[in-house]
1. To the nearest 0.05, what FRET efficiency results for ILE90 and GLN186 with a Förster distance of 25 Å applied to their C-beta separation?
2. Could you tell me whether segment 3-257 comes out rounded, prolate or oblate from its Cα gyration tensor? Rule is a ≥ b ≥ c as square roots of the eigenvalues, rounded for a/c under 1.5, then prolate if a/b exceeds b/c, otherwise oblate.
3. Which ordering of SER91, SER244 is given by a fewest-first count of other beta-carbon atoms within 10 Å?
4. Which translational diffusion coefficient, to the nearest whole µm²/s, is obtained for segment 116-219 from the Stokes-Einstein equation, given a Kirkwood hydrodynamic radius over C-alpha pairs, 4 °C and 1.567 mPa s?
5. Starting from the 7 Å offset along Cα-to-Cβ, what nm value, one decimal, do you get for the label separation of ASP113 and ALA14?
6. Of THR22, THR250, how do they rank once you tally other Cβ atoms within 10 Å and put the fewest first?
7. Quick one: GLU118, GLU92, fewest Cβ neighbours within 10 Å first, how do they rank?
Amino acid sequence: MATGRLRSGRHPGAGRLAGKRTLITGAAGNVGMGLVQGFLAEGAQILAADLAVFNDFEVRPTTGNADALLTIRLDVTDPADWNRALTLIISEWGGIDVLVNNAAIASALVPIDAREPEDWDQMMAINLRGPFLGTRAVIPPMRDAGGGAIVNLSSVAGLAQSRSMDAAYAASKAGLAMLTRVTAAQHGADGIRCNSVHPGPIDSAMMRAAYPDPEALAKRLSRVPMSRAASIAEVVAATIFLASDESSFTTGTAIGVDGGAIVE
């Protein structure tokens, strides 16, 4: 099992997520890195998981606590990898309080009749099967501990349709939105909250990969009422709120971080 320790920020015990044992997927990407940094700053203990190697993964703290951050290689589509990740976080810290399903892939628009079935399957495997497997893995330990929080990083594409949206990506994110709601309904009595964050375009490498043509990107952003992409920090702020006790009576909710794109 590939694991590692990295030096973290604030010591658990201070902040809005003080001591919350958290697993974040897709942690080596732009948004994932922002999530790790933001959660550390609020006092969380983090198992940062990604399929990528963490050689270049850096968190730049103002103070140090080497015990607050672990890393693990995780293929979100593999149940065995999820079992290894849960075994690690429970053995190190005694349980899990928060799961952030962030790992995802995106795509430039591909017409439905041009989409290859294997590409469709890959999108569904990472964007929907992955969060399902993660949710399935954390429910038993969270239930045994009296509760927890699951935050799914979805997309405005999961809430509204458009001719400019890629069908595979939109379908995967819509499925994630419904997985969120059903999880909330089925496990509220267990003290498990499940919510989703729905960004519009995020200023990130994934956005630039989905819109490699600058003119296409500018056209996409022109349809956002606030006329810009979300910053990673804005997405992180919404995720921290849903992971924290500030949202203790919030479950089954979809929070848009989209500059009003959903109403356009």
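Since every read-out is calculated from the coordinates, none of them should be taken as a lab result. Because the structure is a prediction, the values reported are computed rather than measured. All Cβ positions, glycine included, derive from the backbone under ideal geometry; neighbour counts span all protein chains shown.
1. 0.65
2. prolate
3. SER91, SER244
4. 87 µm²/s
5. About 6.2 nm, to one decimal.
6. THR250, THR22
7. Arranged by neighbour count, lowest to highest, GLU118, GLU92 become GLU118, GLU92.
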